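Novice: Structure below; questions to follow.
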Amino acid sequence: MEKKNLDWEHIGFSYHQTDYRYVAEYKDGAWGKGGLTRKADIVLNECANILQYSQQVFEGLKAYTTADGHIVTFRPDQNAKRMADSARYMEMPAPPEEMFLEAVDRVVRANAAWVPPYGTGATLYLRPYLFGTDPVIGVKPASAFQFRLFCTPVGPYFKGGAKPLTLCVSDFDRAAPRGTGHVKAGLNYAMSLHAYVEAHDRGYDENLFPDPVTRTLVEETGGANFVFVTKDGELVIPKSASILPSITRRSLVEVARDRLGLTVTERPVALAELPDFAEAGLCGTAAVISPVGKIVDHGREICFASGMETMGPVLQKLYDLLTGMQMGTIEAPAGWIRTIL
Ligand SMILES: *Cc1c(COP(=O)(O)O)cnc(C)c1O
C-alpha cells in the first residue's frame, strides 16, 4: 500500500483531512448501522443541542506502525469504556463497545495510507466523538445523536519534542467542584481556552491547574495528567475526583510496578511539595510523556533536578517502555495491543 506523500517528520500536531471517517446515528432510542463516509463536513440544524448547549464527549487514541510493519492501536477498549462513562454523565447514549472498536478498525484500515511509517516519530491520531444533533431550545438532553470517528496524522504534541516544558500555576479553574473534570467533554476545553491563551501570551507552555476547592493541590494541565518521581525513585501520581482518568497514566502505573519494580503511590500532591520531586512529567495520548523542567507559582520558580535539557532517567525508562510496547519492540501486557493490519 502506497503511503501519502507527506513530510512525516515535520507534520506537527494539526488537522490534516484524511479520506474516510465513520458515522453512526442514534434516534428513536436505538443506534442505526454505522459506516464510512468520505464527507468531512457535517450539516446540522441551527438549534442542534451541540451548538446551543454543548452536549458532546470525545476520546483520543492513536494508531502506530510497528517495527515489523503492522498497524496497531493501544488499549482502544479502554477508550470505549471511558466514552461510555463520559456519555452516561452527560445524559447521552454511548455507542456499544463493538461499534466503537469497529469504527476504530474501519477508519484505520480505510486510511492506512495516512498512518505514518515506523521511525518517523509521527502517528495516526484517532478522534471518536459523540454529540446531540436534534433541535432543543428549552434546556434538556438531545434525543438524537451522532457518533463519529475521524483520524489525522500527527507529530509530537509539544513543539521541541523531549525538551522540558515550563508551566505556570493558573489563576483559573479547569473543573468545578463536583463538576465535569473527570469527564472527557469538549466543554472542559472551552472553559480552559482563556487560561491557555493567557499562559501562552506570558511565554508558558501550559497551565498547571490546582484543585478548584483549596487551590493547594496539583490536579492536571487540562489535556494531560501529571507524574512525579521522588528523589528515591518512587512514582507519585496526583489523586483527585476532578482529574481526567488518563489511560496513559493508568498504563504507566501498571508497567512501573510490574516491569520496573517501582513503588507507585497515588495520593493528593500539594503544590508546596513540588520542590521535593526529582522529575516531573505530563502524560496522555497526545503528550505521551513530556518532561516538565520548571513550574512557576506566582513568582516562585520550581526547577526539577532532571534539568531543562533532557528527560529524567526514570521518566525516560517509562517512556521507552510505553513507546516500545506501542511500536511492537517490547511485549505489552495481554490485551493491550489491537492489531488492525
Ligand atoms: C484525554 C485527556 C487526558 C489524557 O488521557 P489519555 O487517556 O492518556 O489520553 C488528560 N487530561 C484531560 C483533561 C484529557 O481530556
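Novice: In µm²/s, what is D for the stretch 276-341 at 20 °C and 1.002 mPa s, where D = kT/(6 pi eta Rh) by Stokes-Einstein and Rh is the Kirkwood radius from Cα pairs?
Specialist: Estimated diffusion coefficient is 157 µm²/s.
Novice: Within 10 Å of each candidate Cβ there may be at most 14 other Cβ atoms; applying that plus a DSSP loop requirement, which trypsin sites (Lys or Arg not before Pro) in the stretch 187-289 survive?
Specialist: Sparse-neighbourhood loop trypsin sites (Lys or Arg not before Pro): Arg202, Arg215, Lys231, Lys239.
Novice: Another question about this same structure. Only bridges whose two residues both fall in the stretch 144-299 count here: according to DSSP, what percent of them are antiparallel, nearest 5?
Specialist: 60 percent
Novice: Treat every Asp and Glu Cβ in the stretch 206-280 as -1 and every Lys and Arg Cβ as +1, leave all other atoms uncharged, and give the resulting dipole magnitude about the Cα centre to the nearest 20 debye.
Specialist: 160 debye
Novice: Let me ask something additional. Could you identify which residue out of Thr214, Thr248, Thr166 has the top mean-square fluctuation in a GNM of the chain using Cα springs shorter than 10 Å?
Specialist: For the chain, modelled as a Gaussian network with Cα springs under 10 Å, the answer is Thr214.
Novice: In whole Å, what is the distance between the alpha-carbon centres of the stretch 304-341 and the stretch 95-168?
Specialist: Each part's Cα centre sits 21 Å from the other's.
Novice: To continue, here is another question. Farthest toward the dipole's positive end in the chain, which of Phe172, Gln56, Ala256, given Cβ charges of +1 (Lys, Arg) and -1 (Asp, Glu) about the Cα centre?
Specialist: Value: Gln56.
Novice: Pop out the Kirkwood hydrodynamic radius of the chain from its pairwise C-alpha distances, inverse of mean 1/r, in Å to one decimal.
Specialist: It works out to 20.9 Å.
Novice: Of the listed pairs Lys27/Lys81; Lys163/Lys231; Lys163/Lys317; Lys62/Lys317; Lys184/Lys317, which have alpha-carbon separations greater than 19 Å here?
Specialist: Lys27/Lys81; Lys163/Lys231; Lys62/Lys317; Lys184/Lys317
Novice: Provide the net charge surrounding Leu61, with neighbours chosen by a C-beta distance below 9 Å and charges set as Lys +1, Arg +1, Asp -1, Glu -1.
Specialist: Spelling it out: positives minus negatives among the neighbours equals +2.
Novice: Take each of the peptides 103-111, 308-316, 262-270, average the number of other beta-carbon atoms within 10 Å over its residues, and list them starting from the highest.
Specialist: The most tightly packed comes first, giving 103-111, 308-316, 262-270.
Novice: Still on this structure, please answer the following. Using the crude model of +1 on Lys and Arg Cβ and -1 on Asp and Glu Cβ, and no other charge, please compute the dipole size for the chain relative to its Cα centre, in debye to 20.
Specialist: Charge dipole of the chain: 560 debye, to the nearest 20.
Novice: Which helices, counted as full DSSP H runs in the chain, have an axial Cα extent of no less than 15 Å and a Kyte-Doolittle average of -0.5 or above?
Specialist: 97-110, 247-258, 313-326
Novice: How many percent of DSSP beta bridges within the chain run antiparallel, rounded to 5?
Specialist: Around 85 percent of the beta bridges assigned by DSSP in the chain are antiparallel ones.
Novice: Also, quick follow-up: Quick one: net charge around Lys27, please, counting Lys, Arg +1 and Asp, Glu -1 for every other residue with C-beta under 13 Å from its C-beta.
Specialist: Neighbour charge sum, excluding Lys27 itself: -2.
Novice: As a test, work out the antiparallel percent of DSSP beta bridges whose residues both lie in the stretch 111-214, rounded to the nearest 5.
Specialist: Of all bridge pairs located within the stretch 111-214, approximately 75 percent are antiparallel.
Novice: Can you tell me which of 186-195, 283-292 comes out highest on packing, and rank the rest after it, using the mean Cβ neighbours within 10 Å?
Specialist: Packing proxy ranking, top to bottom: 283-292, 186-195.
Novice: So for the chain, averaging the separation of alpha carbon pairs under 8 Å that are six or more residues apart and normalising by length, what relative contact order in percent results?
Specialist: 20 percent
Novice: Just to compare against my own numbers: the Cα pair-distance distribution for the stretch 165-327, 5 Å bins, whole % per bin, please.
Specialist: Bins of 5 Å from zero give 2, 9, 19, 23, 22, 15, 8, 2, 0 percent of pairs.
Novice: If you add up the charges near Leu101, with Lys and Arg at +1 and Asp and Glu at -1, over every other residue whose beta carbon is less than 10 angstrom from its beta carbon, what do you get?
Specialist: -3
The numbers here are math on the coordinates, done by the rules we state, and not lab data. Worth saying up front: this structure is predicted, and the values here are computed from it rather than measured. Methodologically, a virtual Cβ is constructed for each residue, glycine included, from the backbone with ideal geometry; neighbour enumeration extends over all protein chains shown.
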